[in-house]
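Note sheet for the following structure.
Coordinate-derived values only; no laboratory data. Predicted, not measured: the structure shown is a model, and the values here were computed from it. We place every Cβ from the backbone using ideal geometry, glycine too, and count neighbours over all the protein chains shown.
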Amino acid sequence: MKNVRAIAAQIITNLTRQRGSLSTQLTDFSNHPEISLLQEICFGTCRWYLSLEFLLHKLVAKPIKEKDQDVKSLILIGLYQLKELNIADHAVVNETVAASTALNKPWAKPLINAVLRKYQRNQRKLTEELERSTLDIRYSCPTWLLNEVNVAWKSKSQSILKGSNQRPPLTLRVNISKKSPEEIISLFSEHRIEADRGKLAKTAIYLEKPLPVEKIPGFYDGWVSIQDESSQLVPELLNLKPKVRVLDACSAPGGKTCAIIESERLLTEVVALDESESRLQKTRENLLRCGLKASLIRGDATKPTKWWDGRLFDRILLDAPCSGSGVIRRHPDIKILRREEDIQALTKIQAMMLDSLWQCLRPDGLLLYTTCSILPRENDSQIKNFLKRTDNAKYEGITADWGVECDYGRQLLTGDKEDHDGFFYSLLSKS
Ligand SMILES: C[S@@+](CC[C@H](N)C(=O)[O-])C[C@H]1O[C@@H](n2cnc3c(N)ncnc32)[C@H](O)[C@@H]1O
């Protein structure tokens, strides 16, 4: 299939059926001549899915059948283009209607045409109705998630929800073992690329305008990598020193593994563990590009007996699998894929990982627990419960001038004036 709108409709349909993620599906089309448009349509439709669905309900007499979800997806991407993109309305309508042939649903042409034209005629009134609707619809955020954010972050919740719907900046991590951020900024300015330093992490720089990696000078030399500023704080918090042995327990695709090695070149060893072989392959590629070495192990962090040789680690990073509620602006498909019941399963795995990895840490060692979540269940409460059941664990506190200080960690929130993702950090020591 070549038709960009039909592909987008298929991708959105797969997401609504819980098949694949947006980024994995888009990788299959990385050489498509209209990849930018495809990305724009898919990201935007995911970001505004619930708002667009609200508009659709106002425009059709009866709901579209589940077996025709692809037709529904096509109409939603049509509405997204009319509402948000700078493409002439007639082109949007014609192209979106035509895409139904590529989906093998030519019968849907009159329906798609009628809905999109009705939207055009009633746009102002429908926009007002959307603005008057409930917050979950307005922010296009699942109700359970909105409620949880409201309870946890009260007066900050609207700025979090707004921030989660923004397009994220392109943030780079400078490999400070090879170049300084100043050197990279001046290299970029020679190429007429504007960049600014981050405010929280000393390695972070923000590009004024996003660029594909092949156009980023020094990317293939391993001088810079793409990484949000929040993750770049990890090496500093781990208090790394020469001769220290580190376990990165949920490491793939290796963003933080590379950041750790770049920040301290005299570590004895970094062991990068992950249960997914395909994701570990990405870690291998990232290490190679950055010219770094780590010991890669495929294994389950909840079952150290299967992969651990019994040598204690001085530092452990547990960047746990989580809801991803802090990175929705980068992965808006989370709002379609994630279900409330997933959170309970995730908190169970996180607790199992904390318990089992704790035995791999040497006395006086440090474990840094992180998530890209903004939900206290996965963060502050998770650590509180761990401390309750673990006698030799102590919360170390994180003294910093960024984020929100919680009882058992520090939280960065989306929508803060600095342009980072939502992220949680808790530092624990063992006696
Ligand atoms: C948040 S991501 C890690 C991102 C990574 N730290 C980085 O900075 O690039 C969580 C990772 O946990 C891995 N994972 C999930 N369950 C696991 C388990 N039981 N044991 C080991 N790894 C697991 C996933 O494959 C995924 O790569």
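Axis angle, to the nearest 10 degrees, between helix 109-121 and the longest C-alpha principal axis of the chain: 90 degrees.
Legend: ranking of residues 313, 54 from fewest to most surrounding C-beta atoms inside 10 Å; resulting order 54, 313.
Stretching the chain fully between residue 211 and residue 2 yields a gain of 72.8 nm (0.36 nm per residue, less the alpha carbon separation). If R0 equals 22 Å, the separation of the Cβ atoms of residue 284 and residue 31 corresponds to a calculated FRET efficiency of about 0.45. Using just its DSSP H runs of length 4 or more, each adding -39500 (n - 2.57), the chain gives a mean residue ellipticity at 222 nm of -13000 deg cm²/dmol after division by all residues. What the phi angles of region 181-186 give under the Karplus curve with 6.51, -1.76 and 1.60, with θ = phi - 60°, is a coupling list of x, 5, 4, 5, 5, 6 Hz, glycine and proline written as x. Volume per residue of the convex hull around the Cα atoms, evaluated for the chain, comes out as 149 Å³. In the chain, taking the dipole from charged Cβ atoms about the Cα centre, the farthest positive-side position among 350, 32, 110 is held by 110. Among 182, 418, 396, the largest mean-square fluctuation in a Gaussian network model of the chain (Cα springs under 10 Å) belongs to 182.
The distance between label points at residue 239 and residue 167 comes to 4.3 nm (points 7 Å beyond Cα on the Cα→Cβ vector).
Using a cut-off of under 19 Å, list every residue of region 88-104 whose amide N is near the label point 7 Å from the Cα of residue 121 along the Cα-to-beta-carbon line. Label zone hits: 89-94, 97. Given a Förster distance of 30 Å, report the FRET efficiency between residue 23 and residue 187 from their Cβ-Cβ distance, rounded to the nearest 0.05. The calculated FRET efficiency here is 0.60. Taking a cut-off of 26 Å, what percent of all Cα-Cα pairs in region 4-133 are separated by more than that? Here the tail beyond 26 Å accounts for 15 percent of pairs. Taking label points 7 Å from Cα along the Cα-to-Cβ direction, residue 151 and residue 396 give a separation of 3.2 nm.
Can you give the extra length, in nm with one decimal, that the chain gains between residue 84 and residue 61 once fully stretched, where that is 0.36 nm per residue apart less the Cα-Cα distance?
Result for the pair: 5.8 nm of gain on full extension.
For residue 78, neighbours were defined as the other residues whose beta-carbon sits under 11 Å from its Cβ, and their charges (Lys and Arg +1, Asp and Glu -1) total +2.
With neighbours defined as other Cβ atoms within 10 Å of a residue's Cβ, the residues 360, 290, 42 order from fewest to most as 360, 290, 42. Mean projected area of the Cα convex hull of region 231-430, taken over all directions, amounts to 11.0 nm².
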